[in-house]
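Asks: Quick one: this structure, given as structure tokens, is what I'll be asking you about.
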Amino acid sequence: MAAPLLLRALPLLRLRLVQRHHHFLFTNGSITLRLFCSVATGSSTGAEDNPASLRQIFSSRTSKDPPNYPRWSDPDFRKWKDKEAEILKDIEPIICLTKEILHSNRYMDGERLTPQDEKAVLDKLLAHHPHSEDKIGCGLDSIMVDRHPQFRHSRCLFVVRTDGGWIDFSYQKCLRAYIRDKYPSHAERFISEHFKRGSG
């Protein structure tokens, strides 16, 4: 007879053990657990048994200044995004062409560019290189794509001089100089956001 009483009392014993922290619903003999902090249920327990409320958890974050995320309502941010889009539209064609030259099967290692591609690279890239005169030296014969002399896994563009010598140049360094010259007030921000560090 004691056993049936014990079985009936067992759910109540379990409930008393955890009621300080949780709220249980008994439905058709199964237990559905609803988590409530004791702060929310209004019970008064010791500090170690009193989980922090959501307000307490996030108070350390909200007590500081909130993150300053840029907003479209900010005129300076809108102005920057418009200028960023303008610069991207300006340089996108030459970037796409250069990447195709370097990373596709369009050219074999050591192959010279076609006259059309060479003109685009000369006008849009090499003309803006900070040391273009030194790169050309005694005179320009052609532009070539080949493996970098030190980093053999990567390909780059080379100036082939009229005396038979050749030297590599960084297309990203050319673009950086172009952007600094054409968009001086936005250049550094654009470069820092869109160019890898150490890319020339």
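The values are calculated or read from the model by the stated rules, or taken from the named source; none is laboratory data. Here the structure is a predicted model, which is why all the values come from computation and not from measurement. Cβ coordinates were reconstructed from backbone atoms using ideal geometry, including for glycine residues, and neighbour counts include every protein chain displayed. Surface accessibility is based on the protein's heavy atoms, side chains included, excluding ligands, DNA and RNA. Shrake-Rupley method; radii C 1.70, N 1.55, O 1.52, S 1.80 Å.
Asks: Does Asp49 satisfy the condition of being farther than 22 Å from Glu193 by Cβ, at pLDDT below 50 and open to solvent by less than 50 Å² (accessible area, probe 1.4 Å)? Before the answer, list the steps.
Replies: Details: farther than 22 Å from Glu193 by Cβ: yes; at pLDDT below 50: yes; open to solvent by less than 50 Å² (accessible area, probe 1.4 Å): yes.
Here the answer is yes, as Asp49 does meet what is asked.
Residue-wise test of (1) without any contact (Cβ under 8 Å) to a residue 40 or more places away in the chain; (2) closer than 17 Å to Phe195 by Cα.
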| residue | (1), (2) |
| --- | --- |
| Glu84 | no, yes |
| Cys96 | yes, yes |
| Gly110 | yes, no |
| Asp117 | yes, no |
| Leu125 | no, yes |
| Pro149 | yes, no |
| Phe158 | yes, no |
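Asks: Taking segment 88-107, which residues are of a type outside the set (Lys, Arg) and either surrounded by 13 or more Cβ atoms within 10 Å (Cβ to Cβ) or in a loop (DSSP other than H, G, I, E, B) (or both)?
Replies: Let us first name the residues in segment 88-107 that are of a type outside the set (Lys, Arg), namely 88, 90-98, 100-105, 107.
Scanning segment 88-107 gives Asp90, Ile91, Ile94, Ile95, Leu97, Thr98, Glu100, Ile101, Leu102, Ser104, Asn105, Tyr107.
Asks: For Arg106, which of the numbered conditions (1) in contact (Cβ under 8 Å) with a residue 24 or more places away in the chain; (2) over 25 Å from Ile179 (Cβ atoms) fails to hold?
Replies: The failed condition is (1).
Let's see how each residue does on (1) hydrophobic (A, V, I, L, M, F, W, C); (2) within 30 Å of Arg71 (Cβ to Cβ); (3) assigned to a helix (DSSP H, G or I):
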residue	(1), (2), (3)
Glu84	no, yes, yes
Asp109	no, no, no
Val121	yes, no, yes
Gln150	no, no, no
Ala177	yes, no, yes
Pro184	no, yes, no
Phe190	yes, yes, yes
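Asks: Also: If you take the residues of segment 61-87 that are open to solvent by 80 Å² or more (accessible area, probe 1.4 Å) and of a type in the set (Gly, Ala, Ser), which of them is modelled with the lowest pLDDT?
Replies: In this case the residue turns out to be Ser63.
Asks: Another one. Considering segment 150-171 alone, what residues qualify as being surrounded by fewer than 16 Cβ atoms within 10 Å (Cβ to Cβ) and in contact with an Asp or Glu (Cβ under 7 Å, 6 or more places away or on another chain)?
Replies: The one that is surrounded by fewer than 16 Cβ atoms within 10 Å (Cβ to Cβ) and in contact with an Asp or Glu (Cβ under 7 Å, 6 or more places away or on another chain): Thr162.
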